Amino acid sequence: MTADVIIQQLVNGVTLGGMYALIALGYTLVYGILLMINFAHSEMFMGGAYVGLGMLLLLTSKSFPAHAFFTGSAFGILVLYVIVFAVAAIAIGILGMVIERVAYRPLRHAPRLAPLISAIGVSIFLQNAALLWIDSKAIPFPRVFPVTPLVTFAGASVNSLQILIVATSLILLFVLDTFISRTRVGKAMRATSQDREAAGLMGIDINYVISLAFFIGPALGAVAGVFHGMYYGAVVFSMGFIPGIKSFTAAVLGGIGNLRGAMLGGFLLGIVESLAAGFLSTGYKDVVAFIILILVLIFRPGGLLGESVVEKV
Amino acid sequence: MLTVTNLKTCYGKIEALKGISLTVNEGEIVTLIGANGAGKSTTLKTLSGQLVPTAGSIEFEGVKIAGLPAHKVTQKGIIQVPEGRRIFSRMTVLENLDMGAYLRSDKEGIKADLEHVFELFPRLRERLAQKGGTLSGGEQQMLAMGRALMANPRLLMLDEPSMGLAPVVVETIFEIIEKLNQDGITILLVEQNANLALSIADRGYVLETGQMKLTGTGEELLANEDVRKAYLGEG
């Protein structure tokens, strides 16, 4: 394999990693607070792709009054995409909050396996809902702007979509990180994840914090879903499963419950997977991803950035 | 200030509190003593809203608060320092103190209270940027109390503040409890160390298997034959 292929695979890997990082945050955020793996999170990703696609088709259809504006100029396209992403993120964020309220909150004091099974149930429900009510076949995701190589170096090219995905991911990750570490509500989320009861005694409304986590996580997952649809050019009801499990791997790799860990894990996994696809063959990329999951669980179950603070009781 | 009437709390089918009544008057130190499993912590957890009572009433300054969630009780000015400190171990000392002031927005008042906490516990100022989990047990107790004070409590409820601490540290903690009381904070203190608790309390209650067995002033209870036998290790 030549240098240009390696660089090209790195570029692809970082793009993929941005998407994994966005999804992984949703797993880690919820785990940090409820110690629960939200297995329905992959369906937030799928749902986001559908909502984004739906908005895109609606706003650009010939019968929509302002369609000429949205497709006519670069500015119009920008506005179009901001709307598409915002609607997908908000709609799926609300869906996430509803799911928590209906399927997880009643089980908050149940044994830990119960909400886990409920989450798997929600996942199956949502996949089948999409299959029955939308389509069983993949729907093409239209390209509104031309995806052209913008930068070329060392024989590798970076296209406009890849730059958009990586830049947006990094911005969202930075915003979330700042929100969690600096703002009052963000600190309340951290306090709740460390000791829920003590946080309640501080006057923190625990249900509000949990609802917020179930808004932010799915909203970020939805953004990743829209990116995935744009990047691969199609949306299908079963699209959430593999990226969901991969992002869960990324969250575990970084240290589940640790936000920066999830970001790091996402990018690492994306890069390793793409290199594996380049060095071996594309068929091996999933194998490599899951070998990483197994190795991490065996040798470093706390993950790369797992908590290292000595805790005294 | 606080009036509890016929309070019952259950864990599943087990009735941990079988109808207890107690009052705390403004400015008092009231202590609740009793053996392991008597229901002391259950009482505090029910008062602070962490547990929902099955019957009875809790009135704080004329307002019924039984069954309110913990964050609403905190809003009323009742702050609990939980058993085992429960500080946020991965947050710094300063962040922990900030969380205590979560409901407040009076910046000047918060700043003044922070200074006050540092005066009471100079050790906390030295360890400001350290993660809570790296503090010693005594320092964690100080942090837990400092954090509660940041909420500007009118009624401070302390659950086993002496647990697991060296005698000299316990002494410091109790001196500070008395000082806080002199500064106008009403105290409800749950303790296994009955001797120490009764010696600083205005009044005390003896709880036994979910029921109030005895009540009296601190001195009366210290002098009481049954109390001496059962809780002070005499006889």
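In the stretch A:215-277, what is the volume of the convex hull around the alpha carbon atoms, normalised per residue and reported in Å³? Could you put the intermediate results ahead of the total?
Working: hull volume 5.7 nm³, N = 63.
Looking at the stretch A:215-277, the number lands at 91 Å³ per residue.
Quick check on the protein assembly as shown: helices-only [θ] at 222 nm, where DSSP H runs of length 4 and up contribute -39,500 (n - 2.57) each and the sum goes over total residues. Nearest 500, please.
On the way: 22 runs with 313 residues, N = 548.
After summing the helix terms and dividing by the residues of the protein assembly as shown, the value is -18500 deg cm²/dmol.
Using only Cα positions of the stretch A:50-151, each an equal point scatterer, no hydration layer, compute I(q)/I(0) via Debye at q = 0.23, 0.25 Å⁻¹ and quote the log10 values to two decimals.
-1.21, -1.30
Assuming R0 = 41 Å, can you tell me the calculated FRET efficiency for the pair B:Met163 and A:Ile117, based on Cβ-Cβ distance, to the nearest 0.05?
Values: r = 38 Å, r/R0 = 0.92.
My answer for the efficiency is 0.60.
Which three semi-axes in whole Å describe the equivalent ellipsoid of the protein assembly as shown, each the square root of 5 times a Cα gyration tensor eigenvalue, listed largest first? Numbers along the way, then the final one.
Details: eigenvalues 601, 113, 89 Å².
Working from the Cα gyration tensor, I get semi-axes of 55, 24, 21 Å.
At a threshold of 8 angstrom on Cα-Cα distance, excluding pairs fewer than six apart, so keeping six or more, what relative contact order does the stretch B:88-152 reach in percent? Don't skip to the end; give the middle numbers.
Working: 70 pairs, mean separation 37.1, N = 65.
Worked out over the stretch B:88-152, it gives 57 percent.
List the trypsin sites (Lys or Arg not before Pro) in the stretch B:84-143 that DSSP assigns to loop (not H, G, I, E or B) and whose Cβ has at most 15 other Cβ atoms within 10 Å. Which are they? Don't skip to the answer; put the middle values down first.
Numbers: sites: B:Arg85, B:Arg86, B:Arg90, B:Arg104, B:Lys107, B:Lys111, B:Arg123, B:Arg125, B:Arg127, B:Lys131; in loops: B:Arg85, B:Arg86, B:Arg90, B:Arg104, B:Arg127.
Passing sites in the stretch B:84-143 are B:Arg104.
Using only Cα atoms, tell me the angle between helix A:160-182 and the longest principal axis of chain A; keep it within 0 to 90° and round to the nearest 10.
20
Mind pulling the angle between the C-alpha long axis of helix A:41-60 and the longest principal axis of chain A? Nearest 10 degrees, somewhere in 0 to 90.
40
If you build a Gaussian network model of chain A, linking Cα atoms that sit under 10 Å apart, which residue out of A:Val235, A:Val166, A:Val144 swings the most?
Residue with maximal mean-square fluctuation among A:Val235, A:Val166, A:Val144: A:Val144.
For the pair A:Glu197/A:Asp177, report the inter-label distance in nm, with labels modelled 7 Å from Cα in the Cβ direction.
Simple spin-label model gives 3.5 nm for this pair.
Return the distance in nm (one decimal) between the two label points of a simple spin-label model at B:Lys72 and A:Leu295, each offset 7 Å from Cα along Cα→Cβ.
5.3
If you add up the charges near B:Leu207, with Lys and Arg at +1 and Asp and Glu at -1, over every other residue whose beta carbon is less than 11 angstrom from its beta carbon, what do you get?
Surrounding charge for B:Leu207 is +2.
Could you tell me what percent of the DSSP beta bridges with both partners in the protein assembly as shown are antiparallel, to the nearest 5?
Numbers: 28 of 47 bridges.
Around 60 percent antiparallel, to the nearest 5.
Report relative contact order for chain B in percent, whole number only (criteria: Cα-Cα under 8 Å, sequence separation at least 6). Write down the numbers at each step before the final one.
Values: 450 pairs, mean separation 64.2, N = 235.
Across chain B, relative contact order equals 27 percent.
With axes computed from alpha carbons, what is the tilt in degrees of helix A:285-299 against the longest principal axis of chain A, rounded to the nearest 10 within 0 to 90?
With both axes taken from Cα atoms, the answer is about 20 degrees.
Specify which residue in the list B:Gln141, B:Pro82, B:Asn25 is farthest towards the positive end of the charge dipole of chain B, using unit charges on the beta carbon of Lys, Arg (+1) and Asp, Glu (-1), about the Cα centre.
B:Pro82
With the convex hull built on the Cα atoms of the stretch B:11-76, state its orientation-averaged projected area in nm².
Working: hull surface 19.6 nm².
Averaging across all directions leaves 4.9 nm² for the Cα convex hull.
Report the residue, chosen from B:Ala197, B:Ala35, B:Ala144, that carries the largest GNM mean-square fluctuation when chain B is represented by alpha-carbon nodes joined by springs under 10 Å.
B:Ala35
How long are the three semi-axes of the equivalent ellipsoid of the stretch B:88-152, in whole Å, if each is the root of 5 times an eigenvalue of the C-alpha gyration tensor, listed from largest down? Let's see the in-between values first.
Working: eigenvalues 67, 29, 17 Å².
Each semi-axis is the square root of five times an eigenvalue, giving 18, 12, 9 Å.
Gain in length, A:Val151 to A:Tyr208, computed as 0.36 nm per residue apart minus the alpha-carbon separation, to one decimal in nm?
Values: separation 57, 0.36 × 57 = 20.52 nm, distance 4.45 nm.
My answer for the length gained is 16.1 nm.
Between A:Ile90 and A:Phe279, what is the label-to-label distance in nm when each label sits 7 Å out along the Cα-to-Cβ direction?
Each label point lies 7 Å from its Cα, and together they span 4.6 nm.
In the protein assembly as shown, with Lys and Arg counted as +1 and Asp and Glu as -1 at Cβ, which of these residues, B:Gly56, A:Ala89, A:Phe64, has the Cα nearest the positive end of the dipole, that is, farthest along it?
Of the candidates, A:Phe64 comes out farthest on the positive side.
In whole percent, what relative contact order does chain A give with Cα contacts below 8 Å and a gap of six or more residues?
Worked out over chain A, it gives 37 percent.
Taking chain A as a Gaussian network, where each spring joins two C-alpha atoms under 10 Å apart, which residue of A:Ala224, A:Ala138, A:Ala74 fluctuates the most?
Judging by the Gaussian network model, the answer is A:Ala74.
What value does chain A have for Rg/Rh, both radii from Cα atoms and Rh as Kirkwood defines it? Display every interim value, and only then the final one.
Details: Rg = 19.7 Å, Rh = 20.1 Å.
Across chain A, the Cα-based Rg/Rh ratio is 0.98.
Only sites in a loop by DSSP and with at most 16 other Cβ atoms within 10 Å count here; which trypsin sites (Lys or Arg not before Pro) in the stretch A:26-127 make the cut? Can you show the working numbers first?
Details: sites: A:Lys62, A:Arg101, A:Arg108, A:Arg112; in loops: A:Lys62, A:Arg108, A:Arg112.
Within the stretch A:26-127, the qualifying trypsin sites (Lys or Arg not before Pro) (loop, at most 16 other Cβ atoms within 10 Å) are A:Lys62, A:Arg108, A:Arg112.
Along the Cα-to-Cβ line of B:Leu103, 7 Å from the Cα, sits a label point; which residues in the stretch B:50-73 have backbone N less than 19 Å from it?
B:50-53, B:58-73
Report, in whole Å, the centroid distance computed from the Cα atoms of the stretch B:215-232 and the stretch A:17-51.
58
Considering only A:Leu132, A:Pro111, A:Ala74, whose Cα is most displaced toward the positive end of the charge dipole of the stretch A:71-165, charges sitting on Cβ of Lys, Arg (+1) and Asp, Glu (-1)?
Of the options given, the answer is A:Pro111.
Two decimals is fine: what's Rg over Rh for the stretch B:53-138, C-alpha atoms, Kirkwood radius as Rh? Walk me through the numbers before you get to the answer.
Numbers: Rg = 15.6 Å, Rh = 15.0 Å.
Result for the stretch B:53-138 is an Rg/Rh of 1.04.
We did not get these values from a lab; they are worked out from the coordinates using the rules stated. What you are looking at is a predicted structure, and each value in this text was computed from that prediction instead of being measured. Neighbour counts are summed over all protein chains in view; Cβ atoms, including those assigned to glycine, are modelled from backbone coordinates with ideal geometry.
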